[in-house]
1. Identify, please: which residue in region 1-37 is under 13 Å from the mean Cα position of the chain (by Cα) and of a type in the set (A, V, I, L, M, F, W, C) and is, among those, nearest to Ile89 (Cα to Cα)?
2. Taking region 78-97 only, how many residues are closer than 27 Å to Ile12 by Cα and of a type outside the set (A, V, I, L, M)?
3. Just name the residue that is surrounded by the fewest Cβ atoms within 10 Å (Cβ to Cβ) out of those in region 38-47 that are under 11 Å from the mean Cα position of the chain (by Cα) and in a strand (DSSP E or B).
4. Quick check: is even one residue across region 3-13 part of a helix (DSSP H, G or I) and in contact (Cβ under 8 Å) with a residue 12 or more places away in the chain?
5. Checking the conditions here, which among Lys18, Lys79, Lys84, Lys88 is loosely packed, with under 14 Cβ neighbours inside 10 Å and in a loop (DSSP other than H, G, I, E, B)?
6. When residues of region 38-71 are filtered for being closer than 19 Å to Lys88 by Cα and basic (Lys, Arg), how many remain?
7. Before we move on, is Ile51 more than 13 Å from Ile12 (Cβ to Cβ), among the aliphatic types (A, V, I, L, M) and touching a helix residue (DSSP H, G or I) at 6+ places or on another chain (Cβ under 8 Å)?
Amino acid sequence: MLIPKRARVSQILDLNKKDQIQLLNEIQHCSKKMKQHFKCNNLNVEKVGNIIPQLHIHIIPRHKKDRTWPLPVWVTKPKPYPKKELEKILSKLKKII
């Protein structure tokens, strides 16, 4: 998830042009790294914000074996990762990004 460090920003249109370009560059950078690392079939890049008003962008690697493929991940209740698996994923993400 990318979160621009800007106060009171809930929409991409609330960013100035320079920050919009920076956000797009960061989305592209993270997306490329995640696609390479997770060897996914697709990436879902989403800005929702219906519950959390702070602007944030989800970058979600998708595989054809996903429980919800080809639907969005939001259509089913999330299943938590085991703690050790989550720690492993987070460690790898910190290294690649």
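The values are calculated or read from the model by the stated rules, or taken from the named source; none is laboratory data. Keep in mind it's a predicted model, so treat the numbers as computed, not measured. Neighbour counts run over all protein chains shown; Cβ positions are idealised from the backbone, glycine included.
1. At the first step, the residues of region 1-37 found to be under 13 Å from the mean Cα position of the chain (by Cα) are 1-4, 23-24, 26-35.
Subsequent filtering for residues that are of a type in the set (A, V, I, L, M, F, W, C) retains 1-3, 23-24, 27, 30, 34.
Working: Met1: 14, Leu2: 16, Ile3: 19, Leu23: 23, Leu24: 24, Ile27: 19, Cys30: 14, Met34: 11 Å.
Looking at the filtered set, the residue picked out is Met34.
2. Of the residues in that region, 2 qualify.
3. Keep residues of region 38-47 that are under 11 Å from the mean Cα position of the chain (by Cα), which gives 43-47.
Filter again for in a strand (DSSP E or B), leaving 43-46.
On the way: Leu43: 18, Asn44: 13, Val45: 15, Glu46: 15.
That would be Asn44.
4. Residues of region 3-13 that are part of a helix (DSSP H, G or I), as a first pass: 12-13.
Among the residues that remain, those that are also in contact (Cβ under 8 Å) with a residue 12 or more places away in the chain are: 12.
Checked region 3-13: at least one residue is part of a helix (DSSP H, G or I) and in contact (Cβ under 8 Å) with a residue 12 or more places away in the chain.
5. On the way: Lys18 fails: in a loop (DSSP other than H, G, I, E, B); Lys84 fails: in a loop (DSSP other than H, G, I, E, B); Lys88 fails: in a loop (DSSP other than H, G, I, E, B).
After ruling out the rest, the residue left standing is Lys79.
6. Counting residues in region 38-71 that are closer than 19 Å to Lys88 by Cα and basic (Lys, Arg) gives 2.
7. Details: more than 13 Å from Ile12 (Cβ to Cβ): yes; among the aliphatic types (A, V, I, L, M): yes; touching a helix residue (DSSP H, G or I) at 6+ places or on another chain (Cβ under 8 Å): no.
No, not satisfied.
Residue-by-condition table, conditions (1) modelled with pLDDT of 95 or more; (2) surrounded by 14 or more Cβ atoms within 10 Å (Cβ to Cβ):
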site	(1), (2)
Ile12	yes, yes
Asn25	yes, no
Lys32	yes, no
Gly49	no, yes
Leu55	yes, yes
